[in-house]
Structures are given as structure tokens and as C-alpha cells.
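Since every read-out is calculated from the coordinates, none of them should be taken as a lab result. Fair warning: this is a prediction, and the values are worked out from it, not measured in the lab. Positions of Cβ are generated from backbone atoms using ideal geometry, with glycine treated the same way; all protein chains shown enter the neighbour counts.
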Amino acid sequence: MPDERWNELFAALRSNRDRAILALAVSNGARASELLGVRGVDLDWGDQLVRVVRKGTLAEQWLPASAEAFIWIRLYLAEGPPLDPQAPLWWTLRRRDHGAGLAYQTMNYEALRAVFRRVNTLLGTNWSMHDLRHTAALRMARDESLSLRDVQTILGHAHLSTTADVYLVEEEAQVIRRVQEHLAEVRDRAKPPPPTVAGGYEASDLDVLFGGGQA
């Protein structure tokens, strides 16, 4: 997802809860089920880490998150009831059965899908949580300060080949641009040095004589 499309998606969100979830997803590539399972106790505010239970292995793992994600989490929590550290982090207001009014309920995958349905309808797009995971992976993979092993660890891939095969994908336009820059450098290195002018002659006179000024 290009940065401008991410900004467009983020601007279309209606709540701080949704902004917090998507900001987390795009910063560390955690899966939807992993983020939805986060509890209050799984937030490390000091080191800006979030603990998730990995899909498949069910192993707990601390993941880094952006400062922006924690800002949106704080704003979201300020809007609702006091957070129980052992309770799920994400809640949604739903109408109770028999018209008994609204009540807080744990946010599930269907509620998160509804967030994307609304935004996609508004923007005419088809984004999903997997797109955010893919975007986070590509951003990390293209950062020269991170190794492929770093990316594998954060994404929770069991095999390094999975990370390499799926996420080390370069956009064709970027590849073409870099190769063009390479060819330009080769061309510049191959250029012969300018000829030296013998003593007693003016360079401008030689240009006129040999047509150098027209080259």
C-alpha cells in the first residue's frame, strides 16, 4: 500500500479505536486475530511493545509498535470505562437483545471486517488487514538497517524462505528506476576525460575550429 493510500485509508476511519488497531497493524504486521486478542496487560507503555499470541504456534511474543499507535491507544482508552488489565483491549458498543440499549461487547473479527467494509465503500477500494500486514513487511524488508531475519521474527514466520518469497517483492517501477541509475553511472564512468589544450591556444578557438562547441 503506497503511503498516500495509507494516509487516505487512515483519514477515513471514524474512531480512535479503529485508528489504534490499524496503526498497530501497519507498524508491526501483526495479524487481525493476534491484535484482537490483546489485553490491557499486554501493553508495555514504557518500551512501546504489544504482546500477541501467535497464530498457529499460540506462542506469546512481544512486538514493537510505533509511537503513533500508542498515542491512538491512549486516546481510545480515555473515551471508555476504566481498563481491566486482564480484559480484552478492544470493545465495541452494540445494541442488546430485546431493545435494552447499548452495551460494551468484545470486538470480534466480524466487527473489524465491518470497519473495512465501511471505509472501502467510501473510498472505492478493497483494503484488508492482510494488506496492512503486507505493507508493514515490505517497509521493514526495504529498510537497510533491518535484516531478513529481523523481518521474519517480527512477522512470526516459521521459515525464513516464507519471508523471502512473499515479502521481498520490489515494485517494477522501482527496479527500473534503480537500473536506470546504475546505467547512468556506468555511462558517466566510461566517458573519456576532456582533452587538454596545448599551450598557446585558446580553448574557445579550438572549439570553433573542430566543432567542439557544436557537439
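Some notes on this structure:
- Peptide packing for 129-139, 16-26, 51-61 was compared via the average number of neighbouring C-beta atoms within 10 Å per residue; ordered from the highest value, the list is 16-26, 129-139, 51-61.
- Histogrammed with a bin width of 10 Å, the alpha carbon distances of the range 3-172 distribute as 9, 37, 36, 15, 3, 0 percent, first bin at zero.
- When you count the other C-beta atoms within 10 angstrom of each residue and take the mean per peptide, 81-87, 111-117 line up highest first as 111-117, 81-87.
- Put in order of Cβ neighbour count within 10 Å, fewest first, the listed residues 79, 34, 68 become 79, 68, 34.
- Label-to-label distance, nm, for residues given as residue 49 and residue 191 (7 Å Cα→Cβ offset): 5.3 nm
- Using R0 = 35 Å, the C-beta based FRET efficiency linking residue 114 and residue 179 works out to 0.20.
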